[in-house]
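Heads up, the thing below is written out as structure tokens.
The values are calculated or read from the model by the stated rules, or taken from the named source; none is laboratory data. Remember, predicted model here, so these are calculated numbers, not experimental data. Cβ sites come from the backbone with ideal geometry, for glycine too, and all protein chains shown count toward neighbours. Accessible surface areas use protein heavy atoms only, side chains included; no ligands, DNA or RNA. Shrake-Rupley method; radii C 1.70, N 1.55, O 1.52, S 1.80 Å.
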Amino acid sequence: MTVLVGYVPSPLGEAALRAAIEQARFRNEPILVVNTSRGDAYADPRLAQEADLDQVVRELVAAGVPHNVRQLMRGRDAVEEIEEIVAAEDVSLVVIGIRHRTPVGKLIMGSTAQEILLRVPCPVLAVKAD
């Protein structure tokens, strides 16, 4: 079994990573860090840079948690990527960061977190930034 964390280089991503580390230790499971981008924007704030991913690896090594890091840019959104990984691999838990959005904001722009909660068949832990 594996704990999958949807990582973005932001306080939400950092909160999700910390929660995933706690869960991986508790469950005695490795972590799979997933960072995705459609690759269709010149600048995508969700796409982690090399320095961001290096920091993630340092945190995981310091925590002593076995890990794997994947950065995917295949023209698909994060929900599709995470859903496919969960279906193909033995994922016990998905950890994501969430932020407060108004109901109108969710209606107009949708919510990646909400879609993950509804579409992924395994438990999902949604955490807020500090």
Among (1) within 11 Å of the chain's Cα centre (by Cα); (2) over 19 Å from D90 (Cα atoms); (3) of a type outside the set (V, I, T); (4) open to solvent by less than 50 Å² (accessible area, probe 1.4 Å), where does L47 come up short? (1)
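Can you work out which of the residues in region 88-130 that are β-branched (V, I, T), part of a helix (DSSP H, G or I) and modelled with pLDDT of 85 or more is nearest to I31 (Cα to Cα)?
Just the residues of region 88-130 that are β-branched (V, I, T), to begin with: 91, 94-96, 98, 102, 104, 108, 112, 116, 120, 124, 127.
Filter again for part of a helix (DSSP H, G or I), leaving 104, 108, 112, 116.
Subsequent filtering for residues that are modelled with pLDDT of 85 or more retains 112, 116.
Values: T112: 21, I116: 18 Å.
Of everything passing the filter in region 88-130, I116 is nearest to I31 (Cα to Cα).
I'd like the full set of residues that are of a type outside the set (F, W, Y), open to solvent by 30 Å² or more (accessible area, probe 1.4 Å) and under 12 Å from L93 (Cβ atoms), limited to region 3-29.
E22, Q23, R27
Suppose the filter is modelled with pLDDT of 95 or more, buried (at least 18 other Cβ atoms within 10 Å of the Cβ) and either of a type in the set (S, T, Y) or under 21 Å from A19 (Cα atoms) (or both); does L32 pass it?
Working: modelled with pLDDT of 95 or more: yes; buried (at least 18 other Cβ atoms within 10 Å of the Cβ): yes; either of a type in the set (S, T, Y) or under 21 Å from A19 (Cα atoms) (or both): yes.
Considered against the rule, which asks whether it is modelled with pLDDT of 95 or more, buried (at least 18 other Cβ atoms within 10 Å of the Cβ) and either of a type in the set (S, T, Y) or under 21 Å from A19 (Cα atoms) (or both), L32 comes out as yes.
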